[in-house]
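Engineer: My questions all concern the structure below.
The values are calculated or read from the model by the stated rules, or taken from the named source; none is laboratory data. These numbers come from a predicted model, not from an experiment. Positions of Cβ are backbone-derived with ideal geometry, glycine not excepted, and every protein chain shown enters the neighbour counts. Surface accessibility is based on the protein's heavy atoms, side chains included, excluding ligands, DNA and RNA. Shrake-Rupley method; radii C 1.70, N 1.55, O 1.52, S 1.80 Å.
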Amino acid sequence: MSFLQGLWFFVIGLLFAGFLLLEGFDFGVGMATRFVARDGDERATFMRAIGPHWDGNEVWLITAGGAMFAAFPLWYASLFSGYYLLLFLVLVSLILRGVSFEFASHALTSRERGVWQWANFIGSLFAPLFLGMMLTSLIQGIPMDKNGDAWPGFFDVFNWLSVVGGIAVVFFSFVHGLHFLSLKLGAMDSRRMLNVSEKAYWIAYPALIVFVLLAIFNTDFYKARPLSTWLITVIILASVIGGHVAVFKKRGGYAFTCSGITLMAIIAFIFNGLFPRVMIADNPAHNLLIQDASASPLTMKIMTVVLCIFLPIMLAYFIWSYFIQRKRLDTDGAHLASPVAPSATVAETV
């Protein structure tokens, strides 16, 4: 395996981690519109909080898929063909959620607006669920042949580890979204978000224990790469405890940082265990390795040059966009404006 092959495996993992870090709180806010918001106006306010960011955050997933296609075409072909149905459901969820912002902003009645707020919630709930199920399904070993053709069956995709993994991504996205809202809403609503998050954290500890036990018995991660796998497991646990302590002390910024680290560490756990493979077969002889799935050396060199040019530009844009939208929404006291006005601001801002 060459240096560039290893570099691009790391870059793709970083892109997926960036997606969960940024889009994770968007999903969480969408879930909070039903689990936490008290009425339609507050749901519109929640949607307005992520209005300037959600579509930009989705670019990380698109970029990860594009980088996978260019750098590791055999990995892309095997993954997308084997998990076609699950990825299709992720896409439908993202589309449903995406159009909900625009249609909610043009709703003429509270009933119409409620329909699209439900669409936002459903898309925000199922997109991380299906994505988490796919990621934790492919680390267990699936039916593949020596050519890299994968055909996972129903129970390869829907099993205890994949379900727990999908729910874990949903849960930590929800908590991450609450932390983001605590930084965007007024003082009273910010405290309420942290109070909800403080109670929700108690679910995380038994869930982590169950996930680790399932991973020990259903993957080779703790045997093949014990030191790094246990280190990442400790980081996940430490970030969960740190987030819980932060919300108890009502420190929204620290809590947001900890939940972001948790989501990124989940991706690190998966990619660390995969290395040096990109797809794990139930027959180890058919594992698809990084060196076998990669594009030509020239392609890798061209992509690296493009990465060095455009990555700083992209990062600068994201930092700038979050900086100019850093102010809190004025939500203390009465809710904002009319049923349509808050959502309209979403469309105008995006």
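Engineer: Which parts of region 158-173 would a label at PHE217 reach, counting a residue when its backbone N lies under 12 Å from a point 7 Å out along Cα-to-Cβ?
Structural biologist: Within reach of a label on PHE217, which here means backbone N under 12 Å from a point 7 Å along Cα→Cβ, region 158-173 contributes 160-161.
Engineer: Using a Gaussian network model of the chain with C-alpha springs under 10 Å, which one of MET303, MET31, MET264 is most mobile by mean-square fluctuation?
Structural biologist: MET303
Engineer: Are there any helices in the chain, counted as whole DSSP H runs, that stretch 15 Å or more along their axis by Cα and score at least -1.0 on average by Kyte-Doolittle, and if so which?
Structural biologist: Qualifying helices: 3-35, 40-50, 54-71, 84-105, 110-137, 160-184, 187-218, 226-248, 252-274, 297-324.
Engineer: Could you provide, to the nearest whole Å², the per residue accessible area of the chain with probe 1.4 Å?
Structural biologist: Result: 45 Å² per residue.
Engineer: On to the next question. Tell me, what is the 1.4 Å probe accessible area of LYS250, in Å² to the nearest 10?
Structural biologist: 60 Å²
Engineer: Please report the spacing between the Cα centers of region 1-73 and region 94-124 in Å, no decimals.
Structural biologist: 19 Å
Engineer: Then there's this: Can you pull the percent of region 28-75's accessible area that's carbon plus sulfur, 1.4 Å probe, other chains left in place?
Structural biologist: About 65 percent, which is the carbon plus sulfur part of the accessible surface.
Engineer: Same structure, new question: Which of GLY165, GLY18, GLY242 ends up with the largest GNM mean-square fluctuation for the chain, with Cα atoms connected below 10 Å?
Structural biologist: Between GLY165, GLY18, GLY242, it is GLY242 that shows the largest mean-square fluctuation.
Engineer: Anyone know which of GLY123, GLY166, GLY153 comes out most mobile in the 10 Å Cα GNM of the chain?
Structural biologist: GLY153
Engineer: With a 1.4 Å probe and all protein chains kept in place, how do LYS301, LYS146 rank by accessible area, largest first?
Structural biologist: Ranked from most to least accessible, the order is LYS146, LYS301.
Engineer: Ordering TYR205, TYR83, TYR254 by accessible area with a probe of 1.4 Å, largest first, what comes out?
Structural biologist: Descending order: TYR254, TYR205, TYR83.
Engineer: Report the relative contact order of the chain, percent, no decimals, based on alpha-carbon pairs under 8 angstrom and at least 6 residues apart.
Structural biologist: The value is 30 percent.
Engineer: Still on this structure, I have one more. Is region 62-213 best put as rounded, prolate or oblate by its Cα gyration tensor, with a ≥ b ≥ c the root eigenvalues, rounded for a/c under 1.5, and otherwise prolate when a/b is larger than b/c, oblate when not?
Structural biologist: Oblate is the answer for region 62-213, as a/c is 1.5 or above yet b/c matches or exceeds a/b.
Engineer: When only the heavy atoms of the protein chains count and the probe is 1.4 Å, how do HIS106, HIS53, HIS286 rank by accessible area, highest first?
Structural biologist: HIS106, HIS286, HIS53
Engineer: Something else: Mind checking which of ASN218, THR45, PHE80 is farthest towards the positive end of the chain's charge dipole, using Cβ charges of +1 (Lys, Arg) and -1 (Asp, Glu) about the Cα centre?
Structural biologist: The Cα lying farthest towards the positive end belongs to THR45.
Engineer: Check the chain and count each lysine pair with an alpha-carbon distance under 26 angstrom, considering only pairs eight or more places apart or from different chains.
Structural biologist: Qualifying lysine pairs in the chain: 9.
Engineer: As a test question: what accessible area, to the nearest 10 Å², does HIS179 have when a 1.4 Å probe is rolled over all protein chains in place?
Structural biologist: Counting only protein heavy atoms, HIS179 exposes about 0 Å² to solvent.
Engineer: At a probe size of 1.4 Å, how large is the accessible area of ILE95, to the nearest 10 Å²?
Structural biologist: Accessible area, nearest 10 Å²: 90 Å².
Engineer: Here is a further query. Note the listed values (i) 20.5, 63; (ii) 21.3, 80; (iii) 19.2, 55, then indicate which one is Rg and Dmax of the Cα atoms in Å calculated from this particular structure.
Structural biologist: For Rg and Dmax of the Cα atoms in Å, the calculated option is (i).
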